[in-house]
Number of protein chains: 2
Amino acid sequence: MSDPDVTPDAPSDLPDSDLMENVVGLCKRRGFIFQSAEIYGGFRSTYDYGPLGVNLLRNVKNAWWEAMVQRRDDVVGLDAAILSPPAVWEASGHLSNFTDPLIDCRKCNQRWREDKIDGVCPNCGSTEFTPARAFNLMFKTHAGPVENEGAVAYLRPETAQGMFINFVNVLQTTRKKPPFGIAQVGKSFRNEITPQNFVFRTREFEQMEMEYFVPPAEAQHWFEYWLDERFSWYTGLGIPADQLRLRHHGADELSHYSAGTADVEFLFPWGWDELEGIANRTDFDLKAHAQASGERLEYFDQVANERYVPYVIEPAAGATRTMMAFLLAAYHEDEIAGEARTVLRLHPKLAPYQVGVLPLSKKETLEPLARSVLTSLQPHFMCDYDVTQSIGKRYRRQDEVGTPWCVTIDFDSLEDHAVTVRDRDTTEQVRVPIDQLVAELRSRMDQA
Amino acid sequence: MSDPDVTPDAPSDLPDSDLMENVVGLCKRRGFIFQSAEIYGGFRSTYDYGPLGVNLLRNVKNAWWEAMVQRRDDVVGLDAAILSPPAVWEASGHLSNFTDPLIDCRKCNQRWREDKIDGVCPNCGSTEFTPARAFNLMFKTHAGPVENEGAVAYLRPETAQGMFINFVNVLQTTRKKPPFGIAQVGKSFRNEITPQNFVFRTREFEQMEMEYFVPPAEAQHWFEYWLDERFSWYTGLGIPADQLRLRHHGADELSHYSAGTADVEFLFPWGWDELEGIANRTDFDLKAHAQASGERLEYFDQVANERYVPYVIEPAAGATRTMMAFLLAAYHEDEIAGEARTVLRLHPKLAPYQVGVLPLSKKETLEPLARSVLTSLQPHFMCDYDVTQSIGKRYRRQDEVGTPWCVTIDFDSLEDHAVTVRDRDTTEQVRVPIDQLVAELRSRMDQA
């Protein structure tokens, strides 16, 4: 039966500032995201993903991997190291170009990003500053027992270079031919001077990047192909199309390596902002590394008897900010039978828990059966087992964190060997025999 | 039909040095593991995981997560930041205790680990050294625009502390009660002076750690419980029990925080060495962080009306070295019909590809059907699609990287809508209708 009193919600009715505040509050209250080292006063702009957040973040990354690697035979994966020697970043241009302009206030000595202040020191109001210096955004450390120049290593500011410098390794071991891609999910680090907007821009963050190597003449075709593919990935996982847009970069904002870039943008509470950049990086990176290393980073096309340096189309997404977009788009407040509820309408593939297993009562008579239902579901789904408070309150708790299905074991279950499956969005409840439960939920999952 | 000529193999017949050399060679040749920044001469003791390695490593981590988080309702996940402020490592003891003794040769100025050389400089033969200095193994960097003391951050040398400092956050957001655990998979960094044995000991590595919080009186019980659980995890995924052992630490090798530690050791080619340590960390960590932060890191037991600091049982495994153990244990050489083959007998859950999809011929008549078989399998399994060279060579290629099942599409398939499924270990081949293929492979997977 379905609940007749669900009021359709209108997320856009929430003022943007409330939406942001509500989602950040939910993240803390329910264990999605904590500030890092909170008991020590916090470590600014660094976050820890709690029990629900780690599930959601894993699901986002796994959904990307499934779409970009598992379901394709033209893309393979890679997992390159975070620590890397200066030679890589010299060739890529990061050592000289990956900088922000910083100035010091001559009165109070505070340091600022020149392009982010308005000519007046936000600390003391002085207008006297040192000339701007280029501040490199890469985190620097030392590997080995001596802290000298030869021991310098950088934390990668992007995963992309790991794919370029392994281009020949991958070519030789996989026998792939252009067009083919190398995909990677992993952490990157940027010493941002002005991290902001919760997990949107942080110093430590996670990327999902793919470098797609193509014959130069096909670059424009594949650029457009990947714009479509990547836009569809977000809508397919539940972000409404009207909260997404593609924005092509103007000639003046293109990176030095790019012949064309477009961003997939999401309508964040503070306005449109980037989830992912799709760039035609040309042959810039392979040529730069070939020149710096002396290795041939080329492909020999045996059919055409032709050697060439492939162009690269790069869809580069931020996992943590994408997770944030999914949370913002999923957040709704509606009413059930006159009672307000908060519900995360997350795609079942993304929800931290797919199934809430709820014995109607704490009484010992129900527990063995409830536990056996739980055990039968766990190999297939992330499950939460919740026995405390009323069933209504438990439904609300699961709604609030996006659990698409609740399975309730009641006293009838002992007789009819069936359970009630409740749907998060419609609140519809149906009775399902226990021995068909896995198949029923799998089928709902496949249809989502 | 099965191949009558498979000769049972005896992995222990391989001399250890050959086994190591063969596995390292296979890793490079087939794209499991590359040296980092290889085109720049390599970055010592840092490795990149190639297309097959990243699949295997993901599978190892996912198998751990499934066993430790997904299939349990007493353990939740966490994903804490790598960058962390000094306060955390001061409280944990890492700033003062996590050191190696280093000495400098007075003649050639080379720096060495005192306990690793034999009184004579390996470089110049001198016996004159400076007194030993304690060298901290944590990687240090600076966050923010000024490189001063206040900006110091460390790359975590273990994931464990992220769980301790979030203990109250997790308690409050999940309502778990001891005994319960917090699990984490992620990278850690140690500035090892003597990294060695391929990916066994590296400066950047990946951990799989779980902190299990228990009432102090139950600590010994849970310590033994986790010894059993963790030992079984390795054997359940295919490591023969005679290549594993539990070794209890003597009182003289216990860490400062430990009331008891045992290692799960694997028989590596260089001898028994650690895969995982299971420690009774007592209440050392929670008390240390409580004292340093001023926060109460305790549990209030409402039934007993009692407040206490839980003890912690920690199973802490290395993901990368565990992957290496799975590779070493899986490596076999045998004979099929008088022909030598190399085969990785990896558990199907761990294999980089579960299924090789092989059209018998490159002819265009087979390709549409072969591709439709591939597309139907990809949502469920990691698949490799291989069309080059003879079917026998392609079987060998799949055997060598551990693919448990090959699906061959031949000209009969166009008529009978069935394919041949070949088993890696037995080489047995059976005909399976295409519309039952997913179910057949799923069932083999579940039974593995």
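Every number here is computed from the coordinates shown, using simple stated rules; none is lab data. Fair warning: this is a prediction, and the values are worked out from it, not measured in the lab. Cβ atoms come from the backbone with ideal geometry, glycine included; neighbour counts cover every protein chain shown.
Report note on the peptides B:137-143, B:172-178, A:290-296: ranked by the mean count of other C-beta atoms within 10 Å, highest first, their order is B:137-143, B:172-178, A:290-296. Residue order for A:Thr159, B:Thr375, fewest other beta carbons within 10 angstrom first, comes to B:Thr375, A:Thr159. Sorted from nearest, the other copies put their B:Arg431 label points 4.6 nm away, the label point being 7 Å from Cα in the direction of Cβ. Taking the DSSP beta bridges with both ends in segment A:353-447, the antiparallel portion is around 55 percent.
Of all chain B C-beta atoms, the nearest to the rotation axis linking B with A is recorded, alongside its rounded Å distance, as B:Thr141, 2.
Among A:Met208, B:Met210, A:Met382, a tally of other beta-carbon atoms within 10 Å of each Cβ gives an order, fewest to most, of A:Met382, A:Met208, B:Met210. What separates the Cα centres of segment B:343-359 and segment B:132-163 is a distance of 41 Å. The stretch between B:Asp416 and B:Ala134, if pulled fully straight at 0.36 nm per residue, gains 94.3 nm over its current Cα-Cα span. Segment A:217-240 and segment B:68-87 have Cα centres separated by 34 Å.
Ranking A:Tyr331, A:Gln70, A:Leu346 by how far each Cα lies toward the positive end of the dipole of chain A (charges on Cβ) leaves A:Gln70 at the top. Inter-copy label distances at A:Ser372, shortest first and taken from points set 7 Å along Cα to Cβ: 4.3 nm.
For the peptide B:132-144, the mean number of other protein chain Cβ atoms found within 10 angstrom of a residue's Cβ is 4.
In this rough spin-label picture, where each label sits 7 Å from Cα along the Cβ direction, the B:Tyr308-A:Thr235 distance is 5.8 nm. Of interest is the spacing of the C-alpha centroids, which for segment A:392-444 and segment A:93-125 amounts to 56 Å. In order along segment A:257-264, phi translates into HN-Hα couplings of 9, 9, 9, x, 9, 9, 9, 7 Hz, rounded to whole numbers, per the Karplus curve 6.51 cos²θ - 1.76 cosθ + 1.60 with θ = phi - 60° and x for Gly and Pro. Against chain A, whose longest principal axis comes from its Cα atoms, helix A:219-236 is set at around 30 degrees. For chain A, taking a cut-off of 4.7 Å between Cβ atoms, the unpaired cysteines are A:Cys27, A:Cys383, A:Cys406.
Averaged over the residues of A:202-214, the number of partner chain Cβ atoms lying within 10 Å of the residue Cβ comes to 1.
Taking 15 Å as the straight-line reach from the Cα of A:Lys363, the aspartates and glutamates in range (excluding those fewer than 8 positions away in the same chain) are A:Asp386, A:Asp410, A:Asp412. Reported value for the protein assembly as shown: 202 Å³ per residue, from the convex hull of its C-alpha atoms.
Along the charge dipole of segment B:353-447, Cβ charges K/R +1 and D/E -1, which of B:Gly356, B:Val401, B:Gln378 sits furthest on the positive end? Projecting each Cα onto the dipole axis, the largest value belongs to B:Val401. Label sites at A:Arg247 and B:Lys393, each approximated as a point 7 angstrom past Cα along Cα to Cβ, lie 5.2 nm apart.
Between identical copies, the spacing of A:Asp412 label points, each set 7 Å from Cα toward the C-beta atom, reads 5.2 nm from nearest to farthest. The relative contact order of chain A comes to 15 percent, based on Cα pairs under 8 Å that sit 6 or more residues apart. Between amide H atoms placed 1.01 Å from N, distances below 5 Å from B:His142 occur with A:Lys140, B:Ala153, all of them 5 or more places distant or on a separate chain. The Cα atoms of segment A:353-447 cover 34, 27, 23 Å along the three principal axes, with the biggest extent listed first. The residues packed around B:Gly238, meaning those with a beta-carbon under 14 Å from its beta-carbon, carry a net charge of +1 if Lys and Arg are +1 and Asp and Glu are -1. A helix-only calculation puts chain A at -8500 deg cm²/dmol for mean residue ellipticity at 222 nm, using -39500 (n - 2.57) for each DSSP H run of at least four residues, averaged over all residues.
Proximity of backbone amide H atoms, modeled 1.01 Å from N, is registered between B:Ile33 and B:Lys28, B:Gly50 at under 5 Å, excluding neighbours fewer than 5 places apart on the same chain. Relative to the longest principal axis of the Cα atoms of chain B, the long axis of helix B:284-293 makes an angle of roughly 60 degrees.
Determine, from the Cβ-Cβ distance of A:Trp272 and A:Glu428 and an R0 of 35 Å, the FRET efficiency 1/(1 + (r/R0)^6), rounded to the nearest 0.05. It comes to 0.45.
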